[in-house]
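See below for the structure under consideration.
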Amino acid sequence: MRVLVVGSGGREHALCWALAASPIVDGVLCAPGNDGIARDAECVPVAADDHEGILALCRERGVDLVVVGPEQPLVAGLVDRLQEAGIRAFGPTAAAARLEGSKAFTKEFCRRFGIPTASARIFRAEEQDAALAWLREHGAPVVVKADGLAAGKGVVVAQTLAEAEEAVREAFAGRFGEAGRTLVIEEYLEGEEASLFAVCDGETVQEIGTAQDHKRAFDGDRGPNTGGMGAYSPTPALDGATAQAAMERIVLPAVRGMKELGTPYRGILYAGLMLTAEGPKLLEFNVRFGDPEAQVILPRLMSDFGEIALAAAEGGLRHLKVRFSDEHALCVVLASRGYPGSCVKGTEIRGLGRLAGMEGVLVFHAGTKHEDGRWLAVGGRVLNVVGLGRDLVEAYDRAYAAVKLIDWPEGFWRSDIGHRAIRRLAAADRSTSEGRGA
Ligand code: AMP
Ligand code: GLY
């Protein structure tokens with residue numbers, strides 16, 4: 001089978017790497033990919049939003065299955081276009097991708113199918129006065145969310161009424177364009193966040209792993225929000241029973257609901273959860289793997305990802321059992337200084353060769369270019385260094401031992417990925433040994 005992966009980040013590198021290892025895959029293409037991905041796939045310069053170009057590439061090269069990495073082409077209907085042309089795709093249609101593409105749709109959907117989530121009100125731009133009046137009545141903390149895709153910037157967790165009012169005014173004044181013409185204003189939930197990943201074929205759904213990511217740019221969860229500065233899998237916050245509860249109360253009803261609406265869900269369903277005192281509640285659905293969550297989920301997969309993706313696209317997932325290992329994975333994202341704002345491009349990264357062959361270490365490229373024998377940084381998030389280990393501490397040690405070998409003065413990364421889970425494990429250890437001592 002010949003597979004095409006659409007996208008160019010670390011997530012897409014991990015997808016190409018997993019597919020290249022599949023016994024049923026004999027060729028991996030990536031559009032557009034990057035120079036690091038070129039180790040595992042043939043990169044073709046077609047942009048992820050160039051649907052006609054992707055279609056032409058599929059026809060020219062006899063692609064049997066397209067795996068779409070990012071959300072934008074899914075929400076914009078790439079899978080619909082491919083299916084019309086008779087090409088199999090792993091990912092939801094535009095109608096099913098509304099689970100990520102419209103927060104207002106998802107709120108209504110949760111209400112209709114009894115999925116636990118924050119209670120919310122939906123306001124359109126012409127209802128600004130009503131929205132502000134509702135806010136004054138409700139008070140803070142409160143969460144203001146742009147309805148559409150806003151590159152991770154459309155959510156304001158307002159601690160004060162003034163912040164919430166400003167968020168409403170800015171969104172309605174056009175800060176997020178069309179995406180902010182409708183707002184979801186919702187109850188602030190307290191708890192720990194964790195993510196649950198499932199793979200679906202429209203009918204059957206199976207868990208494919210849990211993870212936690214670190215959105216803030218700097219250590220101690222400080223600084224601006226980013227696409228993600230690191231992640232680890234599994235997360236101890238989502239133990240077996242909690243993950244099962246989230247599958248039963250959130251993921252399964254969603255898959256059943258989408259089928260009932262006549263828009264069956266196929267692909268990866270990523271449930272962003274808040275683990276509240278009343279149990280897991282849905283913060284958001286994403287219709288794809290997370291980035292960098294894919295980089296820690298795919299290496300733990302024991303089942304063949306090629307088979308899983310094909311089965312999900314064709315509707316045969318009930319014949320497979322998705323299995324993942326007990327191993328832990330932890331990913332550190334290396335970014336150009338200035339990220340998530342503007343950053344200098346073209347700086348040299350030295351020492352990458354030293355990481356080749358290190359035990360329990362994988363490197364996925366996001367924003368690199370290989371030129372005259374040198375690796376250059378050409379993006380915000382540039383590299384993903386993944387450590388694998390028997391436990392989270394070993395995964396952490398391996399990832400950071402590898403990061404230390406990289407010589408890139410113009411880059412930065414967090415030194416505390418996994419800190420919350422590691423502290424939690426250490427505390428649990430202490431209480432068991434105190435228990436034994438007593
Ligand atoms: P979302 O894109 O909807 O997941 O929101 C982005 C981030 O905002 C989440 O990862 C949470 O940290 C935070 N957030 C979203 N909704 C809520 C909520 N109802 N209560 C508290 N924090 C939230
Ligand atoms: N790392 C968060 C996301 O991919 O949405």
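Values quoted throughout were computed directly from the atomic coordinates according to the rules given, and no laboratory measurement underlies them. Because the structure is a prediction, the values reported are computed rather than measured. Every residue, glycine as well, gets a Cβ built from its backbone with ideal geometry; the counts of neighbours run over all protein chains shown.
A few remarks follow.
- For Cys43, the shell of other residues with beta-carbons less than 13 Å away shows a net charge of -1, using +1 for Lys and Arg and -1 for Asp and Glu.
- In the elastic network of the chain, a GNM with C-alpha springs shorter than 10 Å, the most mobile of Asp201, Asp221, Asp40 is Asp221.
- Per-residue Cβ neighbour counts within 10 Å put Thr235, Thr242, Thr226 in the sequence Thr242, Thr226, Thr235, beginning with the fewest.
- Whole-angstrom gap from segment 285-310 to segment 56-103, using each part's C-alpha centre: 17
- Helical runs (DSSP H, four residues minimum) scored at -39500 (n - 2.57) apiece and divided by the length of the chain put the mean residue ellipticity at 222 nm at -9000 deg cm²/dmol.
- For Arg11, net neighbour charge (Lys/Arg +1, Asp/Glu -1) across residues whose Cβ lies under 14 Å away: -4
- Shape call, segment 23-71: gyration tensor on alpha carbons, a/c limit 1.5: oblate
- Span from the segment 333-359 Cα centroid across to the segment 125-157 one, whole angstrom: 37
- Residues of segment 274-295 with amide N under 11 Å of a point placed 7 Å along Cα→Cβ from Gln72: none
- Two-site FRET efficiency, Arg181 against Arg424, from Cβ-Cβ distance with R₀ of 51 Å, rounded to 0.05: 0.80
- Ascending count of other beta-carbon atoms within 10 Å, so fewest first, for Phe176, Phe364, Phe305: Phe176, Phe305, Phe364
- Surrounding net charge for Gln128, when Lys and Arg each add one and Asp and Glu each subtract one, Cβ distance under 12 Å: -2
- Overall form of segment 295-438 per C-alpha gyration tensor (a/c, 1.5; a/b vs b/c): oblate
- Cβ-Cβ distance of Glu359 and Ala133, R₀ of 45 Å, FRET efficiency by 1/(1 + (r/R0)^6): the value works out to about 0.15.
- Rounded, prolate or oblate (a/c below 1.5 giving rounded, otherwise prolate when a/b exceeds b/c) for the chain by Cα gyration tensor: rounded
- In this simple spin-label approximation, Val344 and Arg318 carry label points 7 Å from Cα along the Cα→Cβ vector, and these lie 5.9 nm apart.
- The GNM of the chain, with springs linking C-alpha atoms under 10 angstrom apart, assigns the highest mean-square fluctuation among Ala162, Ala271, Ala194 to Ala162.
- Inter-centroid distance (Cα atoms) of segment 168-183 relative to segment 362-438, Å: 37
- Pair Arg2, His370: separation of 7 Å Cα→Cβ label points (nm): 2.2
- Counting beta carbons within 10 Å around each of Phe197, Phe289, Phe105 and listing the fewest first gives the order Phe105, Phe197, Phe289.
- FRET efficiency for Glu394 and Glu190, using Cβ-Cβ distance with R0 set to 25 Å, rounded to 0.05: 0.20
- Across Lys107/Lys321; Lys153/Lys281; Lys215/Lys404; Lys103/Lys321; Lys281/Lys345, pairs whose alpha-carbon gap is larger than 29 Å: Lys107/Lys321; Lys103/Lys321; Lys281/Lys345
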